[in-house]
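The values are calculated or read from the model by the stated rules, or taken from the named source; none is laboratory data. Predicted model, so just to flag it, every value in this text is computed and none were measured. Note that we place each Cβ from the backbone using ideal geometry, even for glycine, and neighbour counts take in every protein chain shown.
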Amino acid sequence: MNAPNELPELSLPAAEGEVRVRWWRYCYRSPALLWHLIVHLPLTLIWISLPGATRVREDGGTSAERAIRWWSGGLLRVFGMRSKRIGEPHAGPALVVANHISWLDIELIHSQRAVHFVAKSEIAGWPLIGWLAKRGGTIYHRRGSTESLKTVSEEMVARLKLGHPVGVFPEGGTGDGSSVRTFHARIFQTALDGEVQIQPVALRYRIHGRYSPFVAFADGEGFLPNFLRLLGGPVIEAETHFLPLVTDTGEGRRRLAERCRQAIAEVLERP
C-alpha cells in the first residue's frame, strides 16, 4: 500500500513559531490534565465501584463502561484530540482487532466502547496509565513467552464467554499508521474457541485533514517523551472506524486474520 503524503517540513521561522505555540498549549493543557487526574479520575473510580455498576442495562452496556468511555473521551480532549466515530461498535461479546499506532489507541477505542484489551506487560509499569489499564480490565502479556501467551489466550476465551468484548492489536507492535502489517493468526483462535464474531477497527489520525504520523512513537522514543510531545502537539483528528463483523466460515484462523487486515487496510487507503 502506498503511504499517504506526509505533512511538509516546517521552515525555520515556522518551526520557531511552532515552539511558541507548543509552550502555549502546555500552559492550558497541563492544568486540564491535572484536573482530569485529580478530580475526574476519583469520580470515575467511584462511579465504576458503585453497586450495580457492572449490571447490564437494556441497551447491553453497563454503568461502569459508560464511566470508562467518559474518562477516555476526556483524556483525548486534554491532548487536543477531536474524536470521530464511523460505524457502530458491536454491543455483544466480540474479538475486537485494530491496527496499532499509539498508546492512545486504547483510549480512543475506549471512548466509544469499553473493551478488555490485551497489552504488553511493560505497560503495567507506566506511570498512572498502567494502573488505569488494569482497572479497565486489561490483560497483560509478556512478549516472547509461550507460557504467557497460553495463559492470556485462556483468559481471553473466558472473558468472551462471559459476554465481554476483548480487544487485541494483531500486528504485535506499533507502526506509523501509513500501512497495516501482517496480523498474527494465532490470536484469532480465541474467537473460534469463544464462539464469537470478530469486529475489525481501523484507527487513523489526521492533522488538518491529512494523514500524519505525529502520534506514533519516533525511533527510540520512550513513553514519557512521547507523552510530553503529544501534550504540546497540534489538534489531531482521531478516527475510529468500526467495520462490519467478520464471521468464521470454516476457512481457518489465517484466512480470518487476513480478511480483517484487508478490511482495515482498505479504510486507511481511502483519501
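Write out, first by first residue and then by second, each pair whose Cβ atoms fall under 6 Å of each other, whose residues are 6+ apart or on separate chains, and whose first residue, in region 33-53, is at pLDDT 85 or above while the second is part of a helix (DSSP H, G or I).
L33/V78; H36/G74; H36/V78; H40/G74; T44/A67; T44/W71; W47/A67
Could you tell me which numbered condition A53 fails, if it satisfies all but one of (1) over 27 Å from H241 (Cα atoms); (2) surrounded by 15 or more Cβ atoms within 10 Å (Cβ to Cβ); (3) aliphatic (A, V, I, L, M); (4) under 22 Å from the mean Cα position of the chain (by Cα)?
(4) is the only condition that A53 fails.
Would you check which residues across region 185-217 are part of a helix (DSSP H, G or I), aliphatic (A, V, I, L, M) and surrounded by fewer than 21 Cβ atoms within 10 Å (Cβ to Cβ) and list them?
A185, L192
Exactly one condition in (1) within 29 Å of L224 (Cα to Cα); (2) surrounded by 17 or more Cβ atoms within 10 Å (Cβ to Cβ) is not met by R82; state its number.
(2)
Can you tell me which condition A124 does not meet? The list is (1) closer than 23 Å to A67 by Cα; (2) modelled with pLDDT of 80 or more, and all the others hold.
Looking at each condition in turn, A124 falls short on (2).
Among the residues of region 98-116, is any more than 13 Å from the chain's Cα centre (by Cα), within 13 Å of P165 (Cβ to Cβ), modelled with pLDDT under 95 and not in a loop (DSSP other than H, G, I, E, B)?
No - not one qualifying residue is present in region 98-116.
For region 225-271, give me each residue that is of a type outside the set (A, V, I, L, M), over 16 Å from the mean Cα position of the chain (by Cα) and under 19 Å from H110 (Cα atoms).
Result: P244, single match.
Identify all residues within region 218-270 that are without any contact (Cβ under 8 Å) to a residue 40 or more places away in the chain, surrounded by 12 or more Cβ atoms within 10 Å (Cβ to Cβ) and polar (S, T, N, Q); write none if there are none.
Passing the criteria: only Q262.
Within region 207-240, can you find the residues that are out of contact with any helix residue (DSSP H, G or I) (no Cβ under 9 Å at 6 or more places or on another chain) and acidic (D, E)?
D219, E237
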